[in-house]
Structure formats: structure tokens, C-alpha cells
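Presented below is the structure to which this report refers.
The values are calculated or read from the model by the stated rules, or taken from the named source; none is laboratory data. Quick caveat, the model's predicted, so the values are computed rather than measured. Ideal geometry is used to build each Cβ from the backbone, glycine not excepted, and the neighbour counts take in all protein chains shown. Surface accessibility is based on the protein's heavy atoms, side chains included, excluding ligands, DNA and RNA. Shrake-Rupley method; radii C 1.70, N 1.55, O 1.52, S 1.80 Å.
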Protein chains: 2
Amino acid sequence: MRTAPQVSVPCPIGRAAGLLGERWTLLILRNANLGTTRFDAFRAELGIAENILSNRLARLVEAGVLMRVPYHDGGRTRQEYRLTTAGAEVLPVLHALAVWGEEHTKPAEPTGSMQVIHQRCGQVTTPGRVCDGCGELVRREEEAWVRPWLSPDPIILASPVTTGT
Amino acid sequence: MRTAPQVSVPCPIGRAAGLLGERWTLLILRNANLGTTRFDAFRAELGIAENILSNRLARLVEAGVLMRVPYHDGGRTRQEYRLTTAGAEVLPVLHALAVWGEEHTKPAEPTGSMQVIHQRCGQVTTPGRVCDGCGELVRREEEAWVRPWLSPDPIILASPVTTGT
DNA sequence: GGGCTAGACTTGCTTAATGCAAGCCAGTGT
DNA sequence: ACACTGGCTTGCATTAAGCAAGTCTAGCCC
């Protein structure tokens, strides 16, 4: 399959789209930002075929967007896929997609729509940098998403593995 | 090929990604936002196969993101593809991708990087809603992109066909 | 200590999407 | 009358995606 066609074009949008615009990739990153880390969890949440998931995760690790981290599970070592800083920084892309999708597409059956909450002030805000409610910058650690078709509880965004925080 | 798998899921990001995240779609919309309207121009600029382009344009028209508009070419009628409001509103997605791509990907050979200019104040700004230079909201009509690997001249964004403006 | 189970993958095969080349059609310029 | 251009469509080969089944590791349970 070799590296995607657009990954080294001069246009940054082309390069970003070459990686992020592959099928499943944005969905994987969405869920990773919501805290999913394990192979099986991605598989179950997205309904993606396992070979494709394996392929996508490998590509995202190679691109430095996810990082394979060993973790301890009842005494044994397993792997999980954690966001890197680069992975966390696709958040604005997800925000933009959420806004556009909310505005210009329709779900099959009406459900409560997704909401972004600024935990610091408790207000619902439009996905973006600044809170509609209090006007402050929404820091990632203070942002939570409500996805009512899954659960009424807000989900705080996952923090990236940082070699530095 | 039927309508993409994710287009009616409850998550707006999934719906947006189901449409925009198809291969070529973001690139087509990028170029449409930069003023490309004709089939042949898209084909030449993107190097996309004609049957795929035909398919994508049809899908984007169906989704209400582009609109097929007849135009006059030396006496005969041809078709062009113009942005609708929905198409113009993918701009924030393109901005977010541009920022991410600039930050986290590398071109094959170093070229001057893409810049966004706020024509009102003349400053270069980070792609986004607010101008870094003057602090004002950047309106679409005041925004121009410089893509130095193609030309040093700024390109003003295309305006959508509006049934109302 | 033998079988069971969970997580994380591979492998093989089928179906769908992509890419390439060629062809078509209407109007236009020569 | 003929080549040409823009905008397609059709056919066929190649590549990617989806599905099912199998593998491997290592605890865990009795």
C-alpha cells in the first residue's frame, strides 16, 4: 500500500488530507481524543475490520500521531495507542468537522446533538478555541464532549503522552 | 458505490468525515475555494482520474456542497461547479488542516510555505477566524492565500453562489 | 498443569473503489 | 469537412477494504 499519494506535496492541506483524509483515520483520531486507547476498543466502537485497523494504527504511529505504549494489565504487558501532541492537535480539525457536520448534514434518526462543554465555566460552547459562554480560551483539559446517543455523561478529552508534561 | 457508510451516523464528525473524508474530496473543495470551477481544471490541478472526479463532483452536488451551474463559453453552454454556502463553510476545516499540516508534516522538498493574508489589514495571519495582525474577524471576502510553489500572487477565495447574497 | 479466555494481530479470500485508456458528443474555429 | 476542446461515460486492470478464520502470548481458574 505504500505511503499515501499526497503526503509530501507542497500544500499543507494536501499533506494533512493525505494522512487524515484516509478512510477511518479521522474516526480513529476522534475516538482517541475521547480516550480510546486499545485495539479492541477501537474495533468495537468503530466497527472497523481488524486488518484495516491494524494498518491504520501502524500508519498513524509511523506518522507520529499515535504512540504505541506498553501498559500493565493484571500483571501482563499489553500495548495501547496513545495520542501524541500531534494527535491531540487534530482537535481543531475535529471541531471544524463537528460544526460543519452539525450544520450541513442530517443523522438518519434524530438524536440529541453533540455538545462541547467548557468545564471551567460549565457552559455549552460551539466547538472552537474560545468559549461562547465565558469568552475564555478553552484549554483541552477543560473541554468535555457530550454525545447523548451513547451516554448523557460528558467525556473529558484524553491527554496526549508528552515527553514534557 | 452507494452513499458512504458514515453519512447518517449520529455523530456530526462521523457524518462530516463520511462525506469530506473521502479521498480527493477535501482537495476538490480546497481548489473550489480557491476559485476552480471547471471539470477540466480540477482534473488538471489535482491529477485525479476523470471517472473519479465525475463521481466526486456528482456526490458533492448531491450533498449540496457544490452546485452545477450552466455558463456561457463562446456561445455554447457548459457546466461549472460552484461552491454553495455549505461548500464555502468547509473553510474552517481547510484552515485547521492547513495549520496541522504546516506544523506536523513535511513537504518532499522545501518550498515557501502557504500563507493566509487578511486583505483588509494586509497582514499575514494564521489560518483561522481572527487575524493575528489586527485582531479582527477575517471575513471570507477579505481572505487571500499565497501558495508560493505555484505563484507568488495571492489568491482571493471564491465566493459561493448564494440564493440570497 | 491443561484448558479457557482476552487482546492484538495475520492470512486468505471476496468485493468495492481507484486509476488508466479509450471512446463519445456537441459546438467552434479554420 | 475536420480537428479540437470540454465534459463526460465505459471497460478493464490494479489496489484497497471488508469478512472470516487462524495464530500467538500470557495470565486465570480449577
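Things worth noting here:
- Its relative contact order, with pairs defined as Cα atoms under 8 Å and 6+ residues apart, puts the range B:92-156 at 28 percent.
- The relative contact order of the range B:1-64, computed from alpha carbon pairs under 8 Å that lie at least 6 residues apart in sequence, is 19 percent.
- Largest GNM mean-square fluctuation across A:PRO148, A:PRO127, A:PRO12, computed for chain A with C-alpha springs under 10 Å, falls on A:PRO12.
- Counted charge near B:SER8, where neighbours are those whose Cβ lies closer than 10 Å (Asp, Glu -1; Lys, Arg +1): +1
- For chain B, relative contact order (Cα pairs under 8 Å, six or more residues apart, normalised by length) works out to 17 percent.
- Residue-normalised convex hull volume from the C-alpha trace of the protein assembly as shown: 171 Å³ per residue.
- Gaussian network model of chain A, Cα within-10 Å springs - most flexible of A:TRP24, A:TRP100, A:TRP145: A:TRP100
- Highest-fluctuation residue, B:CYS131, B:CYS121, B:CYS11 considered, GNM on chain B with Cα pairs under 10 Å: B:CYS11
- Annotation for the A:B interface, with buried accessible surface near 3700 Å², both sides summed [1.4 Å probe; non-protein components not counted].
- Applied to the range B:88-101, the Karplus parametrisation 6.51 cos²θ - 1.76 cosθ + 1.60 on θ = phi - 60° returns per-residue 3J(HN,Hα) values of 5, 7, 7, 3, x, 5, 5, 4, 4, 5, 4, 5, 5, x Hz, with x for Gly and Pro.
- With 5 Å bins from 0: P(r) over the range A:1-144, alpha-carbon pairs, percent: 2, 8, 16, 18, 19, 16, 12, 6, 2, 0
- Take A:ALA44, push a point 7 Å out from Cα through the beta-carbon direction, and compare it with the same point in every other copy: 5.4 nm, smallest first.
- Taking the Kirkwood radius as Rh and the Cα radius of gyration as Rg, the range A:12-87 has a ratio of Rg/Rh equal to 0.98.
- Cα-based shape type of the range A:76-151, given that a ≥ b ≥ c are square roots of the gyration tensor eigenvalues and the cut on a/c is 1.5: oblate
- Computed FRET value (nearest 0.05) for A:CYS121 with B:ASP40, which takes r as the C-beta separation and R₀ as 56 Å: 0.60
- Protein accessible area in the range A:1-89, 1.4 Å probe - carbon and sulfur %: 48 percent
- Available extension along the chain between B:GLU103 and B:ALA144 is 12.7 nm, counting 0.36 nm per residue and deducting the alpha carbon span.
- Protein heavy-atom accessible surface, 1.4 Å probe, per residue over the range A:16-160: 49 Å².
- Against the main long axis of the alpha-carbon atoms of chain B, helix B:50-62 sits at an angle near 90°.
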